[in-house]
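Here's the structure, in C-alpha cells; my notes come after.
The values are calculated or read from the model by the stated rules, or taken from the named source; none is laboratory data. Nothing here was measured: the structure is a model prediction, and the numbers come from that model. Backbone-built Cβ (ideal geometry, glycine too); neighbour counts: all protein chains shown. Accessible surface areas use protein heavy atoms only, side chains included; no ligands, DNA or RNA. Shrake-Rupley method; radii C 1.70, N 1.55, O 1.52, S 1.80 Å.
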Amino acid sequence: MEKHIINDKILNIIDKYIKVLDYKSKKDFIYDEEMYVFVLSIGILYDYFDEKYKDMFVDMVYRIAYIVKNRIENGYPFEISMFTGLGLAAFSFDVFSKKTGMLCNFSKDINIFLAIYTEKKVESYRIENGMRTEYYDLIYGVSGVISYLVELEYMKNNRKIWDIIKFLESLFEEKEFNGYMLPKYHIEKNNLHNDIFKDYFKEGSINLGLSHGIISILYALSKSVEKGYITKTIIHNCSKIIDIYLNVFNAKQLYFGSQISPYEYKNQIMAKKQPNYIESWCYGSGSIAIALLNSINRLGINNEKYINISHNILKRNVADMNIGEIILCHGYSGLLQEKLSLNIITDREKVDFINLITENKKFERFFETKKSYLSLLEGISGIIFSLESLLSGNKYIQNLLMLS
C-alpha cells in the first residue's frame with residue numbers, strides 16, 4: 001500500500017514540475033543557477049518526459065551549452081560553486097550526457113575547464129588577505145569541486161587536481177593568532193558570514209557544518225585518497241579533523257555544534273545544543289555524522305562508533321528536529337536524503353516525508369509558476385530531485401550533498 005502511495009504522489013508532483021520546466025524553457029533565465037539546474041532537471045527526469053517534451057527540452061539544453069561554451073571562450077567570470085556556478089554547470093551536463101548519450105564531448109571539456117579554472121582560483125586564494133569559508137567549503141569552494149572531479153576516470157592524475165588537493169592540505173598549516181596556534185582554516189572575525197557571528201565569535205571561528213565547514217575538507221580528502229590521490233600528509237591531516245569532531249561531540253545531546261571559537265578548539269570543549277537548533281542538512285549534526293562516517297569508511301578506519309552516532313541522531317522523531325521548511329538546505333527534503341543515505345527509512349516513513357513536504361502550504365507556493373525559480377538548495381528543484389530519488393534510487397543529489 002505504501003509503495004503505491006509513494007509512486008502515485010511523486011509521479012503527480014513530477015508532472016507538475018514538468019509544466020514548470022515547460023514554462024521556464026520559454027522565458028529568459030534570471031540567474032545562472034536556474035539555467036544549470038534546468039539542464040540537471042532534464043538529465044535526472046529524462047525518462048519521465050514524453051517525446052514532445054524530450055525534443056523541446058533537449059533543444060533548450062543545447063542552447064544552454066552554446067551559451068556556456070561562449071562564456072568559457074570569452075573569459076566569463078564564473079564562480080566555481082557546485083551549487084550555483086561553473087561546478088554546477090559541469091555536474092549538470094555530466095548527468096545529462098550520461099543519461100542521454102548527448103553532449104558527451106562537451107561535458108568532458110567543461111569538466112577539464114573546471115579543473116583549470118579552479119586551480120587558477122586557488123592561486124588567487126593563496127594571496128588573499130585572510131581565509132574565508134567560501135574558498136574551501138562544499139557550497140562555494142574547493143572541497144565541493146574536488147569531491148566531484150576525483151570521481152571522473154578520464155581526469156585521473158590530472159595535475160590541476162593535484163594542485164587543488166595541495167591547497168586543501170595547506171589549510172592544515174598553523175598560523176599564530178592572538179596567542180593561539182591555529183590551522184589556516186580558522187576564519188577571522190571580519191571574514192565571518194554575518195554580524196551575528198562576528199558579535200558572538202570575537203576571535204573568529206572554525207566552522208563545523210557540512211555546507212561551510214571543515215567536514216567538507218575531510219570528505220574531499222578522503223575521497224581523494226580512495227581515488228588514489230595520496231600524499232605523505234593526507235591521512236594525518238584527515239585524522240586531525242576527525243579528532244576535532246570527536247572532541248566536540250556531545251553524546252548526550254547527539255550534537256556536534258556548528259562553529260567553535262579558538263578557545264573551544266584548543267581546549268577541546270564539548271558542544272552544547274542551542275535552544276533554536278534545527279536538524280538541517282546545512283548545519284545539522286546528522287549530515288555531519290554521515291559525512292564523517294563516509295570519510296571514515298574511505299580511510300579504512302573502524303566505523304562502528306560512527307555508525308552508532310549517525311543512527312542515533314537520525315532515528316529520532318522528526319517532530320523533535322525543529323524543521324519548518326521543505327527545501328533541501330534546511331528542510332524535510334534534506335533530512336529525507338540523510339535518512340536515505342543511511343538506509344534507515346521505512347516505506348511508512350517515506351510516505352510521512354512525502355506528506356510533510358507536499359501537504360505544506362509552502363510547497364504550493366513553489367508551484368506558482370511565475371514566482372518559482374529553479375534552485376537546488378532553496379527552490380523547487382531540490383525538492384523534486386529528493387522525492388524522485390525515492391522512485392529511481394539514484395544518488396545524484398546524495399553525491400552532491402556529500403551524503404554518499
**Prompt:** In whole Å, what are the Cα extents of the range 227-298 along the three principal axes, biggest one first?
**Reply:** 43, 26, 19
**Label-point gap, in nm, between Ile30 and Asp195 - each point 7 angstrom along Cα→Cβ** = 2.6 nm
**Two-decimal ratio, the chain, of alpha-carbon radius of gyration to 2.2 N^0.38 Å** = 0.97
**Request:** Could you state, as a whole-number percent, how many of the C-alpha pairs of the range 9-119 are farther apart than 18 Å?
**Result:** 46 percent
**Request:** First select every other residue whose beta carbon is under 11 angstrom from the beta carbon of Leu299; then total the charges, Lys and Arg +1, Asp and Glu -1.
**Result:** +1
**FRET efficiency estimate (nearest 0.05) - Cβ-Cβ, Ser124 to Asn178, R0 30 angstrom** = 0.70
**Asked** Could you give the length gained on full extension between Glu153 and Tyr263, defined as 0.36 nm per residue of separation minus the Cα-Cα distance, in nm?
**Response** 35.3 nm
**Prompt:** Across every pair of different alpha-carbon atoms, what Kirkwood hydrodynamic radius in Å does the range 61-142 reach?
**Reply:** 13.3 Å
**Request:** Return an integer: the convex hull volume of the alpha-carbon atoms of the range 111-267, in Å³ per residue.
**Result:** 116 Å³
**Request:** Compute the FRET efficiency between Thr233 and Ser392 as 1/(1 + (r/R0)^6), taking r as their Cβ-Cβ distance and R0 = 45 Å, and round to the nearest 0.05.
**Result:** 0.70
**Request:** Determine the calculated [θ] at 222 nm for the chain from helices alone, applying -39500 (n - 2.57) to every DSSP H run no shorter than 4 residues and normalising by the residue count; nearest 500 deg cm²/dmol.
**Result:** -18500 deg cm²/dmol
**Asked** Hey, got a sec? Which trypsin sites (Lys or Arg not before Pro) in the range 127-160 land in a DSSP loop and have at most 15 other Cβ atoms within 10 Å?
**Response** Lys156
**Request:** Name the residues whose placed amide hydrogens come within less than 5 Å of the amide hydrogen of Phe177, ignoring near sequence neighbours (fewer than 5 apart) on the same chain.
**Result:** Leu182
**Partners for Lys252 among aspartates and glutamates (Cα-Cα distance below 16 Å; same-chain residues under 8 apart left out)** = Glu279, Asp320
**Item:** Ranking by accessible area, most exposed first, for Cys329, Cys104 with a 1.4 Å probe
**Value:** Cys104, Cys329
**Request:** Give a quick list of GluC sites (Glu not before Pro) in the range 57-150 that DSSP marks as loop, anything other than H, G, I, E or B, with at most 15 other Cβ atoms within 10 Å.
**Result:** Glu128
**Asked** How much of the accessible area of the chain, probe 1.4 Å, is carbon plus sulfur, in whole percent?
**Response** 49 percent
**Message:** If the reach is capped at under 28 angstrom between alpha carbons, list the lysines near Lys232, excluding any in the same chain fewer than eight residues apart.
**Reply:** Lys120, Lys121, Lys156, Lys160, Lys166, Lys175, Lys184, Lys223, Lys240, Lys266, Lys305
**Request:** Take the Cα coordinates of the range 318-404, assign each an equal point scatterer, and use the Debye formula without solvent to give log10 I(q)/I(0) at q = 0.23, 0.24, 0.26 Å⁻¹.
**Result:** -1.19, -1.29, -1.47
**Prompt:** Excluding same-chain residues fewer than 8 positions from Lys9, which aspartates and glutamates have a Cα within less than 18 Å of its Cα?
**Reply:** Asp47, Asp347, Glu349, Asp352, Glu359, Glu364, Glu388
**Centroid-to-centroid separation of the range 175-252 and the range 38-64 [C-alpha atoms, Å]** = 40 Å
**Asked** In square nanometres, what is one fourth of the surface area of the convex hull spanned by the alpha carbons of the range 164-215?
**Response** 4.0 nm²
**Prompt:** Phe49: net charge of surrounding residues, Cβ under 12 Å, Lys/Arg +1, Asp/Glu -1, itself excluded?
**Reply:** -2
**Prompt:** Given 4 °C and 1.567 mPa s, how large is the Stokes-Einstein diffusion coefficient of the range 267-360 in µm²/s, with Rh as the Kirkwood radius over Cα pairs?
**Reply:** 92 µm²/s
**Prompt:** Computed FRET efficiency, Cβ-Cβ of Asp243 and His311, R0 22 Å: what is it to the nearest 0.05?
**Reply:** 0.50
**Fill in**
Computed over the range 114-187, the distribution of all Cα-Cα distances in 5 Å bins, rounded to whole %, is 3, 16, 27, 24, 15, 9, 5, 2, 1, 0
**Request:** Over the residues of the range 1-70, compute the C-alpha Rg and express it relative to 2.2 N^0.38 Å.
**Result:** 1.24
**Asked** Considering amide H positions built from the backbone, and no H for Pro or chain starts, which residues 5 or more places from Gly331, or on another chain, come under 5 Å of its amide H?
**Response** Trp281
**Message:** With viscosity set to 0.890 mPa s at 25 °C, what whole-number translational diffusion coefficient in µm²/s follows for the range 210-348 from Stokes-Einstein and a Kirkwood radius over Cα pairs?
**Reply:** 158 µm²/s
**Item:** Residues with amide H under 5 Å from that of Gln259, placed H, sequence gap 5 or more
**Value:** Leu208
